[in-house]
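The values are calculated or read from the model by the stated rules, or taken from the named source; none is laboratory data. Just so it is clear, the model here is predicted, and its values are computed rather than measured. These accessible areas exclude ligands, DNA and RNA; they are computed on the full protein's heavy atoms, side chains included. Shrake-Rupley method; radii C 1.70, N 1.55, O 1.52, S 1.80 Å.
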Amino acid sequence: MKKFLIGFISLVVIVIIGVQVAQKVVSSGDNYYVQITTDGQRVESKDDNGNSYVDYKYTLQGYDNNEKAKKLTFNATKDRPLRKEAFLKVTWNKKKGVTSYEEVAQKDVPDKALEKLGF
C-alpha cells in the first residue's frame, strides 16, 4: 500500500509539472506593443451549445522593444470594442499567433516601440 501511495503521489506531481511546463510553452512568446486605433471588426458567433457571443477582431501593426514590426491579428472577447487609443502589450508565438494581451500605460511601452507607434 505504501509503494502504491508513493507511486500515485509521484504520478500526480509529474502530471502537475507537465501541465505547467506545457502551459508556459504554449503561452510564452515575444512581446509586441500596439495602440488600438479602430473599433475592431464585430464578429458574431455561436458556441457549441448554440449561445450567441460577440468578438471584436483586430489586425494592428505591433513593435517590439528593438523596433521589429509584426502584423498582429487577435480577437477581443468582450461585449464591446477595446478602448481606442489604449496601448496593449501583446504576446505572440510562432505556433499559436497571439496568445494574450494586456493593456499597459504609455509610460510602460519601450521608447523604441513608442517611437514607431508615432509618439
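Counting only protein heavy atoms and a 1.4 Å probe, segment 68-119 has 68 square angstrom of accessible area per residue. Mind pulling the angle between the C-alpha long axis of helix 2-27 and the longest principal axis of the chain? Nearest 10 degrees, somewhere in 0 to 90. Orientation of helix 2-27: about 10 degrees from the principal axis. DSSP assigns beta bridges within the chain; of those with both partners inside it, close to 100 percent run antiparallel.
Contact order, relative form, for the chain: 26 percent (alpha carbon pairs under 8 Å, 6 or more residues apart, mean separation divided by residue count). Candidate cross-link partners of LYS68 among the lysines, defined by an alpha-carbon separation under 30 Å and a same-chain spacing of 8 or more, comprise LYS24, LYS57, LYS78, LYS84, LYS89, LYS94, LYS95, LYS96, LYS107, LYS112, LYS116. Helix-only arithmetic for the chain: the sum of -39500 (n - 2.57) across DSSP H runs with n ≥ 4, divided by the residue total, places the mean residue ellipticity at 222 nm at -9000 deg cm²/dmol.
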